[in-house]
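**Student:** Structure incoming, see below.
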Amino acid sequence: MKTRTIPLLLLSLLLCAVPAWAGSDSLAQLCRRAVSLTSQRLGPLEQASSVACITNAGYAAYGQQGTLPLLDELPRLTAISPGRGNLLVRPGAPWEPLYFLFLKKEGPDKLMAIYLQLKEGKLTAGPALNLHLGDGTPLKPFKKVLGPMTFNLVTLANGWAMGLPPDLMRAALKHGHLCCGVFTGYFTARYILKHMPLTPGQGYIYIGAPAWCQDDYITDYLRLTPGTHGYLTMAYPWWRPWTTDKRAYKNLGGVVIRWDNQRKTGRAWVLSFDWHNDEFRKYLGKPDLKLDWKGQPWLHMAYDRFFMSRLGQTEHFVSMLKSEPLKGQAQLDRLTRLGANPLGILLGPDPSWPDKPKQ
């Protein structure tokens, strides 16, 4: 009896010592190959402050395996990890192929990168690229290597390189890229917390009216989701003013509701976001610059740097257009139910905006 107990005990201890993903040796080999191919082109990935990786590991599949274990393996082989803020996981659809974009900062204007993709079960590595996106830098040369992921990866890479706050990077990864619209959410969320603080029993509802890229930041930072009834959106153009008989409300920035579900009372605010385009042009030293967002995608990163230089100036960008108390569930429902028009209710009707869409 004793002679059988000891081997069984040893076996159980050995099994406990093996990592849970040890059956996925191919994943470990894949990660080692990715790091090896990158190191051959960029040099060692040992200085945490100067290296990073953007990847969809954990979302993409490798054969029939999940790729979440790669997020454990990368920190074992490099100075890249979630805790250091340089392992940047970009959510992706399950059918998208696995990729890694390794980054290495080598100077203010030198952000070297290697892009690796999984193609037909094989890991391929592109040439070394300098992804620094300066004023006027075209994206076309990058597209030869990065393809349709160019804008997404180049803006995220430059955001990391300029020291983006962790909450902004998290929202940008969720959004898929770092456009200046994501940045506006940084100011809007902080304005909400400062000027509309919650007391016990209260919560926020944010209505994207209009909705734009900032909503992904706001919902992430304030923990608001459609499934928990904290976020709604309306099909209204962000650039269009809401014009009543008395006033044109420009630079609309969304609707915030602070609601106490027990007392059935609350308050609604309509916000404004002023981009200060002329200040941005002055910041660039280009007073006559045309803001062609599609034709000049580098403008997004330039605007991000402009916003970074003013992170503490929340009220400079965000203000309040209208505030109204809510007394009872019926008043909340008027703003949030199917077919509601919160702008029309809070600001007054806009004769040029039909309440009913054309059939």
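**Student:** So, in the range 32-91, how many residues would count as being part of a strand (DSSP E or B) and either touching a Phe, Trp or Tyr at 6+ places or on another chain (Cβ under 6 Å) or not assigned by TED's automatic domain parsing to the domain that holds Q117 (or both)?
**Tutor:** Kept after step one, since they are part of a strand (DSSP E or B), are these residues of the range 32-91: 51-55, 57, 60-62, 65-66, 87-89.
Within this subset, residues satisfying the condition of being either touching a Phe, Trp or Tyr at 6+ places or on another chain (Cβ under 6 Å) or not assigned by TED's automatic domain parsing to the domain that holds Q117 (or both) are 52-53, 55.
Total meeting the criteria: 3.
**Student:** Something else now. Does R258 satisfy the criteria of being part of a strand (DSSP E or B), surrounded by fewer than 21 Cβ atoms within 10 Å (Cβ to Cβ) and assigned by TED's automatic domain parsing to the domain that holds W293?
**Tutor:** yes
**Student:** Further, regarding this structure: Name the residue, out of L289, L338, L332, that is within 30 Å of L156 (Cβ to Cβ) and either assigned by TED's automatic domain parsing to the domain that holds A211 or not basic (K, R) (or both). Let's see the steps before the verdict.
**Tutor:** Values: L338 fails: within 30 Å of L156 (Cβ to Cβ); L332 fails: within 30 Å of L156 (Cβ to Cβ).
Result: L289 is the single residue among L289, L338, L332 that is within 30 Å of L156 (Cβ to Cβ) and either assigned by TED's automatic domain parsing to the domain that holds A211 or not basic (K, R) (or both).
**Student:** Considering the range 37-89 alone, what residues qualify as being buried (at least 19 other Cβ atoms within 10 Å of the Cβ) and charged (D, E, K, R)?
**Tutor:** Correct list: E73 only.
**Student:** If you don't mind, there's one more thing I want to ask. If you check T137, T155, which single one turns out to be touching a Cys at 6+ places or on another chain (Cβ under 7 Å) and either part of a loop (DSSP other than H, G, I, E, B) or closer than 26 Å to T219 by Cβ (or both)?
**Tutor:** T155
**Student:** Another question, then. Answer yes or no: is there a residue in the range 167-175 that is surrounded by fewer than 19 Cβ atoms within 10 Å (Cβ to Cβ) and not in a helix (DSSP H, G or I).
**Tutor:** The answer is no; no qualifying residue exists.
**Student:** What tally of residues in the range 223-247 results from selecting those that are hydroxyl-bearing (S, T, Y), surrounded by fewer than 13 Cβ atoms within 10 Å (Cβ to Cβ) and not in a loop (DSSP other than H, G, I, E, B)?
**Tutor:** The initial filter retains those residues of the range 223-247 that are hydroxyl-bearing (S, T, Y), namely 225, 228, 231, 233, 236, 243-244.
The next check asks that each one be surrounded by fewer than 13 Cβ atoms within 10 Å (Cβ to Cβ); those that pass are 225, 228.
Next cut, not in a loop (DSSP other than H, G, I, E, B) only: 228.
So the count comes out to 1.
**Student:** In addition: Among the residues of the range 197-222, which ones are touching a strand residue (DSSP E or B) at 6+ places or on another chain (Cβ under 7 Å) and in a loop (DSSP other than H, G, I, E, B)?
**Tutor:** Of everything in the range 197-222, those that are touching a strand residue (DSSP E or B) at 6+ places or on another chain (Cβ under 7 Å) and in a loop (DSSP other than H, G, I, E, B) turn out to be L198, G201, A209, P210, A211, L222.
The values are calculated or read from the model by the stated rules, or taken from the named source; none is laboratory data. Everything numeric here is computed off the predicted structure, so don't read it as measured data. As a convention, Cβ positions derive from the backbone with ideal geometry for all residues, glycine included, and neighbour counts pool all protein chains shown.
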